[in-house]
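To start, the structure under review is shown below, and the notes come after it.
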Amino acid sequence: MPKEILPIVDKPTIQFIIEEAVAAGIEDILIVTGKGKRAIEDHFDSVPELENNLRDKNKLELLHLVEETTNINLHFIRQSKPKGLGDAILQAKGFVGNEPFIVMLGDDIVESKVPCAKQLMNQYEKTHSSIIGVQNVPHEETYRYGIIDPINEYSKGLYNVKGFVEKPNPEDAPSDLAILGRYLLTPQIFDFLETQEPGAGGEIQLTDAINSLNEVQRVFAYDFEGERFDVGDKFGFIKTTMQFALKHPEIKDDVAKLVDDLYQQIHKKDKKSK
Ligand code: G1P
C-alpha cells in the first residue's frame with residue numbers, strides 16, 4: 001500500500017495535496033508514480049456503483065466526497081527505477097514543456113489560509129524566478145531536509161540564497177530553514193536534472209539541481225505561512241492523524257476524550273511503577 005494513499009482520518013494524503021493544487025487554481029496535474037503505487041491511480045477512478053449506491057441511500061455528504069475525487073483532471077506517469085526525487089521530477093519534462101511549474105511532494109501536507117502552492121505563485125508574480133518553500137525546523141533535525149544558506153531577506157519572508165544543501169548534519173547546516181515539499185520551478189531545472197550526478201544517499205537529488213540552477217538563474221526561498229505535516233515517517237503519520245482527528249467535526253470530542261483517558265492510564269501506570 002503506497003503511503004500516499006493511507007488515510008489521515010478519512011482522506012488519503014494524496015487527496016489533501018491534490019486539493020491544495022486545485023485550490024491554488026492549478027488545472028493540469030501530473031502524478032509521478034512508481035513501483036507499487038498503482039492504488040493511487042485507482043483512488044482517482046470514477047466508481048459508478050459506489051456513487052449510485054450512495055445516491056440511493058441519500059448519503060449525499062459521502063457522495064460529494066467521492067465526486068470531488070473523480071472530477072479532477074489528472075495525468076500519471078511512472079518513474080521506472082527509484083533513482084531519487086530529481087529523477088522523478090525529470091519524468092515530468094514532456095508534460096511541463098516550457099512553463100514554470102509547481103512540485104508538491106506526496107508526504108507533505110500543508111494547512112494554510114492561502115494554499116501553499118498559491119503563496120509560491122504569488123511570489124513568482126513579483127520575481128519571475130524559481131521559489132522554494134521553506135520553514136524553520138529544529139536545528140538537530142537538519143539531516144532530514146534540504147537546507148538553504150540564506151544571504152538576506154529580499155522582501156518579507158523571501159530570501160536570496162547562496163546555496164542549497166541536501167540533508168546536512170546539524171554541525172554543517174548553514175541555517176535551520178528547510179525545504180518542506182513545495183517548489184515553484186522554472187523549466188530550466190530540467191537542463192540540470194538531465195546531467196545531475198547522484199548525491200546524498202546515492203540518489204539524484206532535486207536539491208542539487210536547484211543549487212546548480214541558482215548559479216545561472218536566481219532562485220529564492222520563501223518562508224510560507226501555514227503548518228506542515230510530515231506523513232512520511234511513522235511518528236509523523238501518527239501525529240498528523242491525531243491532530244486532524246482532534247479537529248474533525250464528527251469525532252473530535254470522542255478523540256479528545258480518548259487522548260485524555262490514555263493520558264490518565266499512562267500516568268497511573270507511571271505512578272504504580274515508581
Ligand atoms: C525530500 C527532499 C528534501 C526535502 C524533503 C521534505 O527528502 O529531498 O530536500 O527537505 O523532501 O519533505 P525526502 O523526505 O524525500 O528524503
### Task
Pull out a ≥ b ≥ c, the square roots of the eigenvalues of the alpha-carbon gyration tensor of the chain, then state rounded if a/c is under 1.5, prolate if not and a/b is larger than b/c, and oblate in the remaining case.
oblate
### Query
Given labels modelled 7 Å from the Cα in the Cβ direction, how far is it in nm from E111 to K162?
3.7 nm
### Message
What FRET efficiency comes out for A23 versus H267 if R0 is 41 angstrom and r is the Cβ-Cβ distance? Round to the nearest 0.05.
### Response
0.50
#### Entry: Linear extension gain, L246 paired with E197, 0.36 nm per residue minus alpha-carbon span
13.2 nm
### Query
Stretch S155-T127 to full length: gain in nm at 0.36 nm per residue minus the Cα-Cα span?
9.0 nm
### Query
What is the spin-label model distance, in nm, from E227 to Q188 if the labels are put 7 Å beyond Cα along the C-beta direction?
3.8 nm
### Task
State which stretch of the chain is the longest one without any exposed GluC sites (Glu not before Pro), exposure meaning a DSSP loop state and at most 14 other Cβ atoms within 10 Å.
28-224
#### Entry: Reach of K234 by Cα under 17 Å, taken over aspartates and glutamates that are not fewer than 8 positions away in the same chain
E4, D107, D108, E141
### Message
Could you work out the relative contact order of the stretch 114-235? I mean the mean sequence separation of Cα pairs under 8 Å and 6+ apart, divided by the number of residues, in percent.
### Response
34 percent
### Query
Under a point spin-label approximation (7 Å from Cα along Cα-to-Cβ), what is the N53-E140 distance to one decimal in nm?
4.8 nm
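How much length would be gained if the chain were fully extended between K83 and K234, taking 0.36 nm per residue of separation minus their Cα-Cα distance, in nm to one decimal?
Between K83 and K234, full extension yields 52.1 nm more.
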### Query
Reachable lysines from K81, Cα under 23 Å, same-chain residues fewer than 8 places away excluded?
K3, K35, K37, K93, K167
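All of the numbers you see were taken from the coordinates with simple rules; none came from a lab. Just so we're clear, the structure is a prediction, and the values are computed from it rather than from any experiment. Here Cβ is always computed from backbone atoms with ideal geometry, including for glycine, and neighbour counts include all displayed protein chains.
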